Amino acid sequence: MGDKADVWQGTLALMVLRTLDTLGPLHGYGIARRIEQTSENLLSVNYGTLYPALLKLEQEGYIASEWGLSGNKRKAKYYKLTRAGRKQLEREIQGWGQATAIVARFLTPKEQSS
Amino acid sequence: MRKLRAWFLRLGGLFGKERQERELAEEFESHLQMHIEDNLRRGMTAEEARRDALIKLGGLESAKERYRDRRGLPGMETLLQDIRYGARMLRKNPGFTAVAVLTLALGIGANTAIFSLLDSVVMRFLPVEKPEQLVQLTRRGPEPGHVGVPSFTNPIWEQVRDQQDVFSGTLAFGAQQFDLAQGGEAHYAKGLWVSGDFFRTLGVHAAAGRLINVADDQRGCSGVAVLSYSFWQDHFGGAASALGSAISLDNHTYPIIGVAAPGFYGLEVGTKFDVALPFCATVIFDGARPRLDHRSWWWLSILGRVKPGISSAQLRARLELISPRVFAATVPPNWDVTGQKNYQKWVLTSAPVSTGTSGLRRQFERPLQILMGVVGIVLLIACANIAGLMLARAATRQREMAVRRAVGASRQRLIRQLLTECLLLSTAGALLGILFARWGSTLLVHFISTAREQVYLDLSFDWRVLGFTAAIAIITAVLFGVLPAFRSTRVSLTSAMKGSLAVDPERHARFRPRRWIVAAQVALSLVLLVGAGLFLRSFVKLVTLDIGFDRANVLMMHTEARTAGLQPEKWMATWDEIDRRLSLLPGVLSVSRSLFTPVSGYEWNQYVHADSPNPLTGEASLVYMNAVTPGYFRTLRIPLLAGRDFNVQDTATSTKVAIVNQTTARKHYHDMNPLGRYIRLEEDQGKLGAPIQIVGVVRDSKYESLREEDYACAYFPVTQAPGFGGGPNFLIRTSVRPSAVLSLVQSTVVGVNKSISIQFDTLARQVDDSLVEERVLATLSGFFAGLALLLVMVGLYGAISYMVTLRQTELGVRMALGAAPGSILRLVLRDVVIILVAGVAVGTGITLLSVQLLQSLLFGLAARDMLTLALAAAVLSLVAFIAGYIPARRAARVDPLVALRYE
């Protein structure tokens, strides 16, 4: 795991929060599939890294978890966004927007000159 | 905040493992099942579906492991792991663990005990509110070099109290002993005279009833008493009924109005007060010349609480400003003109007093500091022993280390593991050591208490002591752990896995650090042995000193008639009657009385003018005095060298006579015959008293302390000594043990007058008690030096045994090739001798550099006493040689076949 993983960890948290915001309470498998689908399978999630990320968000109080039943009556752990999580999501979206804008400004002129 | 919250949750994640594991398994299980179902729906076979789900998860176990890392705190987890593993290793080696923990407990315990004593004697704050604001007033002459004296008269105190503007409160106090018994054997209580504001200014609260206040301290009061909490517990069982009842002090009774808070022992460290009375009640005790208006009775101390915001410069300036007024208003009328003029130039000064006042501190600060150094060295030696043991153990754990390295543990990880083990050992040692220390410091306090001075110290462990112990435990672990940890993790994998010590290319190098450790131990213990030797020899010199009187079999009885309501006119006749009856008792050889007893710490001295060709003046003419009855010298077996003893013809009205000692004769009369000549005592400020004729010369004997030299002494008959008679000391020489006649003596006194108060002691014990510092130093430094010697013996024995084991094959080969046992013995002993020579040489150097610190505590011997040094080195060498010889001989006796087959 190098620098790439750090970016991945950061964006993974954002994607998780966003997914829970749009879809409401969801289990880990569902979150993973949703991220895969949204990225149109460009991002292949290593499902194993998702769970520590969920735990971290839970420890920080952005999401909460409880046991429930899935569509086909299977027992599963459901995660949902907390109020703090929603605020954090707003902050992260804003931050992400700024970051991409800055990076975009760096990239655009170079493309023109070459 | 979020970070902190997460951290706490992760800390919590260290516990409740089982439930968490179950949930984790369930969550992953449901994840896998859902994934498999999806895969099946997409048309995979059952086999493929499961495989794909597991691959996507990244392996079930490693996914779980990654999850677990996030759940707990990984660092903490390894620490717990290390602790568990360490504890298991220590349990597996109970012998090693027991020796190490016990050694550490002794070392750490001794350090904690001495430190807690040092803490309570020197460092601890007074048990009052904001002690750092308190200062004690002193008075000094106008020249800068003058040293402040902390005693004051009541008139000065009243002036200071009314004139000062720098203190938010002031208080004064004085101490006095009171007899609780009404006649017969005395039971003393420590009394504290307090000004009305005393308790309020200190911020001390009542545990029951109320405390003395300003209203209680008005002239003409009848007096009230406040008890200390411990006195209330000991004498009244803490009963509420004590309040309102009366307490008898020197035959005066006072109502008890309250009890002070439990922790408040007074302001002097080392003692505790029993009962406090207001100043105004002194009148009841003082009779004709009460101390309240006495302008040269220096009986009280003054403390002030500095107002917030007053700097020390302001404080000094304000006190200097009020000084002339204070002293001008309180000039002692009986002083001569120059004395009075000087008196008015005095200046008030102040000194911080947050840790209280203490005679005990003056007496024991140095000895305690030295003992602190001694136990510090003992701990170092103990550490060295354990480091040696660890090194030896490291050899046996080579394989374990190699295996752990081989399966991927980093060296740092192993070092951390080993250091955790050391910390475990030292923590166990520290815990046990604290137990030892509790017991040891209580013992020490008994040790420094004497018959007359019961020492009381608050020994409860405060944060400072506990912090000290914790720091010591950590430092200890580092000291004995670091070197072995680095050494034992430096393993050569191949040789260690082969399990052979012989092919270890570093085996000689392995022994080298151990040799230097033992040499260092030898050096340090030499320092301790020399120190102990010096203290022991000084003590022996003091004990066997010719003190000029015979201390054995003398019963001393202090009597007190002033509190017994006996008329002063009847005193002399009463004492004479007791004297007469006592001398008739069986077992009593002779009886006499004196104002002071020898080496009691009390003194009476005056400047003396002798009628000799060139008389001494000033300090040189000071003579120490005593008033005695005929038979005093016979009772103490002080030889009369010339002239006569006092006799019944020396009465109040006959010629004034004196007996002087040799030193007086030599100094004042320059070895002329002093008999028949006259001395005159210098009274207040230069006036000379009536001439006194010298009628006898006695041999020198110790007056005040055993350390004194050349005290000029003069003795007067009790009948001619002014102010003498209310409380004489009887000296009774017995033909049997003094304790055997004690009850007979007591009933005899009661037979004459049952209200006279009496207190017994023996002269031998009084002399012993005057040597308490020296005894403490000699005993404790001797004990610790012995301990150090034992540790060195064990260390050396262990080191040489270990070396012999390492070289077993080599020695076997040598013997097989024809080496005689003698040459093997020499080979091994060469190492012992090298260690010893190096250790003693370094130790001698350290000793010579540091021992000068002890000089002021020694008696009759130089700190760099070569005989002591030589003796210490000899004892150490002998003991160390024996410790090394045993394993060496074993090596020489080993069967070469056995040694070779060992491989």
Can you pull out the cysteines in chain B that have no other Cys Cβ under 4.7 Å?
B:Cys383, B:Cys422, B:Cys713
Taking segment B:450-492, which trypsin sites (Lys or Arg not before Pro) meet the DSSP loop condition and have no more than 16 other C-beta atoms within 10 Å?
B:Arg452, B:Arg490
Amide H proximity to B:Gly169 below 5 Å, modelled H, separation 5+ or other chain, gives B:Arg305
Dividing the helical contributions, -39500 (n - 2.57) per DSSP H run of n ≥ 4, by the residues of chain B yields a 222 nm value, nearest 500 deg cm²/dmol, of -17500 deg cm²/dmol
Neighbouring Cβ atoms within 10 Å as the yardstick, rank B:Asp52, B:Asp217 fewest first.
B:Asp52, B:Asp217
What ranking do B:565-574, B:740-749, B:148-157, B:108-117 get when scored by the average of other Cβ atoms within 10 Å per residue, highest first?
B:108-117, B:148-157, B:740-749, B:565-574
Would you please give the residues with an amide H less than 5 Å from that of B:Cys713, counting only those at least 5 places away or on a separate chain, with H modeled from the backbone geometry?
B:Tyr624, B:Asn661, B:Thr663, B:Thr664
Out-of-range pairs (alpha-carbon distance over 32 Å; input B:Lys687/B:Lys754; B:Lys3/B:Lys64; B:Lys656/B:Lys702; B:Lys17/B:Lys92; B:Lys3/B:Lys92; B:Lys272/B:Lys754):
B:Lys687/B:Lys754; B:Lys3/B:Lys92
For segment B:254-264, in residue order, the Karplus 3J(HN,Hα) values (coefficients 6.51, -1.76, 1.60; θ = phi - 60°; whole Hz; Gly and Pro = x) are 9, x, 8, 9, x, 10, 7, 4, x, x, 7
Compute the long axis of helix B:821-850 from its Cα atoms, compare it with the longest principal axis of the Cα atoms of chain B, and write down the angle in degrees, 0 to 90, nearest 10.
50
Using amide H atoms built in the peptide plane, which far-off residues or other-chain residues are under 5 Å from A:Tyr78 H to H?
A:Glu66, A:Trp67, A:Gly68
Label zone at B:Arg581, where the point sits 7 Å out along the Cα-to-Cβ direction: segment B:690-734 residues whose backbone N lies under 20 Å:
B:725-734
Cut-off is 10 Å between beta-carbons; in what order do B:Cys422, B:Cys280, B:Cys221 appear when sorted fewest neighbours first?
B:Cys221, B:Cys280, B:Cys422
³J(HN,Hα), Karplus 6.51/-1.76/1.60, whole Hz, each residue of segment B:375-385, x for Gly, Pro:
5, x, 5, 4, 5, 4, 5, 4, 4, 4, 4
In peptide B:61-67, what is the residue-averaged number of other protein chain Cβ atoms found within 10 Å of each Cβ?
4
Among trypsin sites (Lys or Arg not before Pro) in segment A:49-93, those in a DSSP loop whose Cβ has at most 10 other Cβ atoms within 10 Å are A:Lys73
What number do you get for the protein assembly as shown when its Cα radius of gyration is normalised by 2.2 N^0.38 Å, N = residues?
1.37
If contacts are Cα pairs under 8 angstrom and at least 6 residues apart, what is the relative contact order of segment B:591-742 in percent?
35
How far apart, in nm, are two points set 7 Å out from the Cα along the Cα-to-Cβ line at B:Ser747 and at B:Arg452?
3.1
Straight-line reach only, C-alpha to C-alpha below 14 angstrom: list the aspartates and glutamates that B:Lys667 could link to, leaving out same-chain residues fewer than 8 apart.
B:Asp611, B:Glu619, B:Asp700, B:Glu709, B:Asp710
List the residues of segment B:202-246 whose backbone N lies under 13 Å from a point placed 7 Å from the Cα of B:Gln182 along the Cα-to-Cβ direction.
B:246
For chain B (alpha-carbon point model, no solvent) the Debye-based log₁₀ I(q)/I(0) at q = 0.07, 0.10 Å⁻¹ works out to -0.81, -1.24
If the cut-off is a Cα-Cα distance under 23 Å, which lysines reach B:Lys307, setting aside same-chain residues fewer than 8 apart in sequence?
B:Lys130
With x for Gly and Pro, the residue-by-residue ³J(HN,Hα) of segment B:619-635, computed from phi through the Karplus equation 6.51 cos²θ - 1.76 cosθ + 1.60 at θ = phi - 60° and given in whole Hz, is 3, 5, 8, 5, 10, 8, 10, 8, 10, 9, 9, x, x, 4, 5, 5, 4
Given contacts defined as C-alpha pairs under 8 Å and at least six residues apart, what's the relative contact order of chain B, whole-number percent?
15
Against the longest principal axis of chain B, how steep is helix B:568-583, in degrees 0 to 90 to the nearest 10, with axes from Cα atoms?
70
Mind checking A:62-73 for the average number of partner chain beta-carbons within 10 Å of each residue's beta-carbon?
1
Residue order, fewest to most beta carbons within 10 Å, for B:Ile694, B:Ile732, A:Ile102:
A:Ile102, B:Ile694, B:Ile732
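Bear in mind these aren't lab numbers, they're just calculated from the coordinates by the rules spelled out. Given the structure is predicted, the values throughout are model-derived calculations rather than measurements. Backbone-built Cβ (ideal geometry, glycine too); neighbour counts: all protein chains shown.
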